[in-house]
Amino acid sequence: MSDQPLILGIETSCDETGVGLVRGTTLLANAVASSVDEHVRFGGVVPEVASRAHLEAIVPTLNRALAEAGVSLSDVDAVAVTAGPGLAGALMVGVSAAKALAVALDRPLYGVNHLVGHVAAEQLENGPLTEPVVALLVSGGHTEILLVEDIATSAELLGQTLDDAAGEAFDKVARLIGLKYPGGPNIQRAAADGDPAAIRFPRGLTSQRDLERHRYDFSFSGLKTAVARWVETAERAGEPVPVADVAAGFQEAVADVLTRKAVLACQERGISTMVLAGGVAANARLRDLTRERCAVAGIELRQPRFSLCTDNGAMIAALGAAVVERGLPPSPLDFPSDSSLPVTQVLVG
Ligand code: KG4
Ligand code: ZN
């Protein structure tokens, strides 16, 4: 194991400052500082607040990761960092820190894709992936189905949300029914006492016509509006809003459409492995339904533990390790962060 290079990974694309250390597919450290508490009163991530928090957290988080792995900076063989996509100001903090470290240590620097990093994280859980895989990425910032042919070089975007991300929908619907941010865990808790079949909310982009044009795409804004209408109608009638049933019906609609399309993508592309990642992958109903439907379809489901599902530096180090193993050339020191880096670009050249 120790003959594999030690890769330092830095992640600052949203509201988590993550620093991870990895050798090959072995996880050595995963230190994360989240600014989520600072965004609660705004009901969502405020980019300037996130950038400032990254600045304050980056050095302490780096030190925590080094201590956790029992290594020092001079042991690091290469530095990997999220180049994008993400919040522009937030990305800049991580990219600047990574450049400073690479120059100071005289080590190669790799600017890598955040989305592909989420998939690479799985290797830290269950060992090397046997590509190709279909990845269902669901978080507050993204909802995508990716086809990954080769984690170090090739990813294809099969589908994505046309409006809100799945986690964003959880957060907005939570607000509509009086639950706090982040909405996901609070909706899941409320849904536990509800009947998922009591209210049937719409499944976006699943009609025959929509499937022709948006086969693997998602839309959650109609679902959000349907919940808003339902709540309004109950309130106008002077009836109490059945929060548990609304939460359960909404959660069911999201889980149903996500899993249905991801399984369809596997079947139609002839892929036998699915990776489920992103913060929303913490949702118990989504996990159960994915497992159930993958089992029926004969698809192997791979899923990292929750701390590797949400944004973190270890996933970036894992992708960096795959890129280094391939002997791919490092990124130039003047590479810019790119808030809309396409998923097809695994490594910034
Ligand atoms: O991956 P993540 O930590 O950050 C982003 O890249 O966005 O995902 C955060 C999102 C939030 O929208 C949160 O509501 C959602 O993940 N989330 C959940 C659950 N836990 C977190 N959504 C549904 N059910 C959960 N248990
Ligand atoms: Zn993410």
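The values are calculated or read from the model by the stated rules, or taken from the named source; none is laboratory data. Here the structure is a predicted model, which means the values were calculated and not measured. All Cβ positions, even for glycine, are placed from backbone atoms using ideal geometry, and neighbour counts span all protein chains on display. Each accessible area value is taken on the protein alone, full model and side chains, heavy atoms only, with ligands, DNA and RNA left out. Shrake-Rupley method; radii C 1.70, N 1.55, O 1.52, S 1.80 Å.
Within the option set Glu168, Glu144, being among the charged types (D, E, K, R), within 16 Å of ligand 1 (Cβ to nearest atom), in the same structural domain as Ile187 (by the TED database) and at pLDDT below 95 holds for one residue only, Glu168.
Candidates Asp171, Asp150, Asp193, Asp164: the one that is out of contact with any Asp or Glu (no Cβ under 6 Å at 6 or more places or on another chain) and surrounded by fewer than 15 Cβ atoms within 10 Å (Cβ to Cβ) is Asp193. Sort out which residues of region 130-141 are surrounded by fewer than 24 Cβ atoms within 10 Å (Cβ to Cβ) and either at pLDDT 95 or above or out of contact with any strand residue (DSSP E or B) (no Cβ under 9 Å at 6 or more places or on another chain) (or both), and write them in order of number. Answer for region 130-141, where residues must be surrounded by fewer than 24 Cβ atoms within 10 Å (Cβ to Cβ) and either at pLDDT 95 or above or out of contact with any strand residue (DSSP E or B) (no Cβ under 9 Å at 6 or more places or on another chain) (or both): Pro132, Val133, Gly141. All conditions but one from (1) out of contact with any helix residue (DSSP H, G or I) (no Cβ under 7 Å at 6 or more places or on another chain); (2) part of a helix (DSSP H, G or I); (3) surrounded by fewer than 18 Cβ atoms within 10 Å (Cβ to Cβ) apply to Gln267; the one that does not is (1). Scoring Cys294 on the criteria (1) open to solvent by 10 Å² or more (accessible area, probe 1.4 Å); (2) free of Cβ contacts under 8 Å to residues at least 60 places away in the same chain leaves a single failure, condition (1).
With respect to (1) surrounded by fewer than 23 Cβ atoms within 10 Å (Cβ to Cβ); (2) within 24 Å of Val22 (Cα to Cα), the lone exception for Asn312 is condition (1). Within region 323-349, the set of residues being under 18 Å from the mean Cα position of the chain (by Cα) and open to solvent by 40 Å² or more (accessible area, probe 1.4 Å) comprises Asp338, Ser339, Ser340, Pro342, Thr344, Gln345. Of the residues making up region 75-83, not a single one is farther than 19 Å from Val323 by Cα, touching a Leu at 6+ places or on another chain (Cβ under 7 Å) and either assigned by the TED database to the domain that holds Gly298 or polar (S, T, N, Q) (or both).
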